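One structure is given here, and the rest of the page talks about it.
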Amino acid sequence: MQDLEQEAEVRSTSNGAKTTDCSTLCDKDSHFQQMTTSPSCTATKSTSESHTQFLIPSFNRPTLPPGNEGIFVIGRNVSGGSETSHTFLQSPEDLGVFLREQAEGRILFLRGYPSSEWLSYLGARLNLDYEYLFQHFAHSSHLESGDLLCLPPLSLIATNTIQLYFTTLGVWDNHQSEIGVTEARSKLALSFKSYMDDMIHGKGTKLCDSIVRSFHVHDLKHFSMDQQITIKLLRVEKSWTIIIWSDAGTSLESSHRGPWLDMTADHSSSIRFIPMVLQLQNGQIKDFLTTTMGKTQSSQTSSIATSEQLAQNLCALPHDFLRPLNDFTIQAHPFYALHEIFRLNAASEHQFLNLMETKAHTHGRMDNDRQRSIAEIQAIKQLIDQDHEKITDVLETIRTRGGCHWNPEPQTREADEAREAAETLHRTFRKLERRAHAVSEACRDAISMLSSDAMVREAQKSMKTAEGIAKVTFIAFVFVPLSFTTSFFGMNFAEFNGKNLGIWVWFMVSVPVLMLSLLVWWLDGQKCRRAVSWIRRLSGGRD
């Protein structure tokens, strides 16, 4: 333990920290006094203070739970292709022992919600600047310093940091409550807002709880949620360390609140997440079958892996993402270690685009409510455009291989394998980018078609209304003159009370009046103006 404290002291002193041991680092004032000297999203002091105030609650979280609950850090050493396995680090002391082992490269996988003890020790032991923590925690929907307009963050390539966004699809059946999709969205949106407020302030949260960034209800069958993985490369002389911080920790079924729990309690007896499907190689399938039969799965792995219905692929990512890769290539090219993570991200994007295309096609064929269909497709197009921007950022990351610091090694025999893997990823995401653009264009065409069809329907409805009004107008032109003559002859005058006055007189008067009325009805305004103009010319000629 003394060695750990000395190492923490050396690293803290190099950064100008005022305290040295791990317990003192938990004090937020001294810790953030050090961190506010680091660059933030802007060069102003107010921005650093704003970021600091946002991160302070993160250092006031409960410490590690007792026993084996909540394994937050999983480590793996990469040493020249030697056989290595995952190390489950249950405390910062275990991390210190792990970091003292000789290795050319290390990978640390952080899972879900952190604790103040872990954040303080990781910051001091690995010389992590607070900007990395800010980039992972920050969310534009809840950050109180939103008036700074620095979110979402710009590209993080210059900081050796990579961010990937994963969309997990879910299935639910609204058979317990007969509410519509609009009411369901409203209620679940309020539930998610309460979840985010609790997540920000640490109410009811536990170490390794999964974090959800956004939640969308697409209809009464499918929903989706977004999570992110923030990756950073640290280099010390000839060794390197990759920190992979994933939002996916324990199963969401263990969270204290959230719309997924409300779905199960109030709307659907069971919900499930759709797995992200990857194309497996023969060796991966063999390992998967062996693990499934229980021949190689360790007790620690089984304590984290879960068969609950709200389990996700991302929860098992720390155990599987390095399995099919070559350690020699990883050692020389750290970016190659992220290959399977990028592949899983591509699978996530592919499934999301497929779902959005299906929903847009379904709404485009609905005839009962065109305005609602247009609103739904517009919402789908907005999600696709946001997804397209994320794919473009991933493409830029792959094109630069994460930045110059990720691949400083000279050309080696492993360079071809790493370059080929990166080119494969680039082609995959280029295809996803084209597909996102195509689906967005299809949504725009569907909106245009539905709008045109709605205009045609309104025009047809107006024509039918005009025809009905024309019929009523014709009837009025017939009966109004007759009503006039009837009222006229019904007046009490002595001239109308003569014995020789027959009904034929009424017909002789009514017929000319009726003909005159029909003539006026037949003539439109233009013909009337022509007639008036002709009469004026005629009278002028006589003068």
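What the table shows:
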{"read-out": "Residue match in region 521-534 (condition: exposed (fewer than 11 other Cβ atoms within 10 Å of the Cβ), modelled with pLDDT of 75 or more and part of a helix (DSSP H, G or I))", "value": "no"}
{"read-out": "Any hit, region 62-73, residues being modelled with pLDDT of 70 or more, outside any loop (DSSP other than H, G, I, E, B) and surrounded by 20 or more Cβ atoms within 10 Å (Cβ to Cβ)", "value": "yes"}
{"read-out": "Tally of residues being surrounded by 20 or more Cβ atoms within 10 Å (Cβ to Cβ) and either small (Gly, Ala, Ser) or under 14 Å from the mean Cα position of the chain (by Cα) (or both) across region 178-215", "value": "6"}
{"read-out": "Matching option when the condition is charged (D, E, K, R), at pLDDT below 90, assigned to a helix (DSSP H, G or I) and within 17 Å of the chain's Cα centre (by Cα), among 385, 416, 393", "value": "393"}
{"read-out": "Residue match in region 379-386 (condition: surrounded by fewer than 13 Cβ atoms within 10 Å (Cβ to Cβ) and closer than 22 Å to residue 219 by Cα)", "value": "yes"}
{"read-out": "Filter result (part of a loop (DSSP other than H, G, I, E, B) and farther than 15 Å from residue 171 by Cα) within region 235-276", "value": "237, 238, 247, 248, 249, 250, 251, 255, 256, 257, 258"}
{"read-out": "Residue match in region 227-241 (condition: touching a residue at least 60 places away in the same chain (Cβ under 8 Å), of a type in the set (A, V, I, L, M, F, W, C), out of contact with any strand residue (DSSP E or B) (no Cβ under 9 Å at 6 or more places or on another chain) and not assigned by TED's automatic domain parsing to the domain that holds residue 356)", "value": "no"}
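Yes/no matrix, rows are residues, columns are (1) outside any strand (DSSP E or B); (2) modelled with pLDDT of 90 or more; (3) among the polar types (S, T, N, Q):
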{"site": "158", "(1), (2), (3)": "yes, no, no"}
{"site": "170", "(1), (2), (3)": "no, yes, no"}
{"site": "175", "(1), (2), (3)": "yes, no, no"}
{"site": "191", "(1), (2), (3)": "yes, yes, yes"}
{"site": "205", "(1), (2), (3)": "yes, no, yes"}
{"site": "216", "(1), (2), (3)": "no, yes, no"}
{"site": "224", "(1), (2), (3)": "no, yes, yes"}
{"site": "227", "(1), (2), (3)": "no, yes, yes"}
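The values are calculated or read from the model by the stated rules, or taken from the named source; none is laboratory data. Just so you know, these numbers come straight off a predicted model, no measurement behind them. Please note: Cβ atoms are built from the backbone with ideal geometry, for glycine as well, and neighbour counts cover all protein chains shown.
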